[in-house]
């Protein structure tokens, strides 16, 4: 399933496009193809700062857009990412664009093409799966990065990487935006299995019974108030014939490749549980409390395409945190995967409870590093 809505390619000649984005510095001469002077641009409020855009009147059918890139030819990849995003927003009512943004700035051409591609993809992305009114969607479907012929190969490689990363970020955004009724823990686990199949990952899904048998008291405790059972998703990326080291590898088996484990918080909807959150606008955003798990899944989806040479494992810890007659209460004591007991003082501190089980499982594999990603608020241990 594609999440990014824009296809980006690279060429050494400017194609026919509805919009052409022309980089303009804040101090050098204005490119002749715009057909205007510095004075005329300044009169319209455009001075070439990074990220500024201005539609320049043209006698032809092509819409010419001046895109600010700052002083000289010193724009960084990060600045050009922002400039490309501004261009994509300006061109949102048109189907195609071409730009030479990837041919300016300082640094490696591949890095700059990657950044420009990311900026275009992310700025044109919209979550509209459930909206009947599609008028807010960007109409932009194709973009061409124009570079000189000697930079073509590097720019194409960079743009490919940018497409992989941009697609992954758009996927994470889509998951974070999904209403909770459309993305229960089981539904998210099903999506993760599909992503794994498409991106060369091994996947194993643990249901409630398996989590109980494994002693994962944190996620089981948080899930007690929900009618939707929890899921834990384990994703594995192994380049070549790499095998794990540590307790899970088996006797005598060891790998020289570094091993990273990521653990993602996947609270599909966080009401706070018995410690109910106040009814304010932030409560409506608690569908996004699974963004950590979404980010980890999206990151894992890029590894094969980007040629990652290290071993990476991920645990997605997925459950709701809801109030009910069976919900976890203040004063309850949970026993975690690592046998530690935890007394509950606030049921809205659920994130660290589910992460604790995931981190314990991660530690058992004796990796070189563990990273957890979560939308944690308040006091965090």
Express as a percent, rounded to the nearest 5, the fraction of DSSP beta bridges in the stretch 7-176 (both residues included) that run antiparallel. 20 percent
In degrees between 0 and 90, to the nearest 10, how far off the longest principal axis of the chain does helix 77-90 point, with axes built from Cα atoms? 80 degrees
Show that you can apply the helix-only estimate: for the chain, add -39,500 (n - 2.57) for every DSSP H stretch of four or more residues, divide by all residues, and state [θ] at 222 nm to the nearest 500. -9500 deg cm²/dmol
Quarter of Cα convex hull surface for the stretch 312-359, i.e. mean projection, nm²: 3.7 nm²
How far is the Cα center of the stretch 83-100 from the Cα center of the stretch 1-58, in Å? 9 Å
Per the Kirkwood formula on distinct C-alpha pairs, the Rh of the chain is how many angstrom? 22.9 Å
Below 8 Å, C-alpha to C-alpha, sequence gap of six or more: please give me the relative contact order for the stretch 116-202 in percent. 39 percent
Assuming R0 = 45 Å, can you tell me the calculated FRET efficiency for the pair residue 210 and residue 5, based on Cβ-Cβ distance, to the nearest 0.05? 0.75
Roughly speaking, what % of Cα-Cα pairs in the stretch 179-373 are separated by over 22 Å, rounded to a whole number? 46 percent
Can you give me the relative contact order of the chain as a percent, contacts being Cα pairs under 8 Å and 6 or more apart? 16 percent
Counting every Cα pair in the stretch 7-176, what percent are over 28 Å apart? 18 percent
Considering Cα pairs under 8 angstrom that are at least six residues apart, work out the relative contact order of the stretch 34-192 and quote it in whole percent. 20 percent
Span from the the stretch 303-358 Cα centroid across to the the stretch 154-212 one, whole angstrom: 19 Å
With r defined as the distance between the Cβ atoms of residue 44 and residue 197 and R0 fixed at 45 Å, what FRET efficiency is calculated, to the nearest 0.05? 0.30
If you line up the long axis of helix 291-302 against the longest principal axis of the chain, both from Cα atoms, how many degrees apart are they, to the nearest 10? 60 degrees
Taking Cα atoms only, Rg over Rh for the stretch 101-188 with Rh from the Kirkwood formula is 1.11
quick note, the chain, DSSP beta bridge pairs, % antiparallel (nearest 5) is 35 percent
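Since every read-out is calculated from the coordinates, none of them should be taken as a lab result. What you see is a predicted model; the values in this text were computed from it and never measured. Counting neighbours? That spans all protein chains shown, and the Cβs are built from the backbone with ideal geometry, glycine included.
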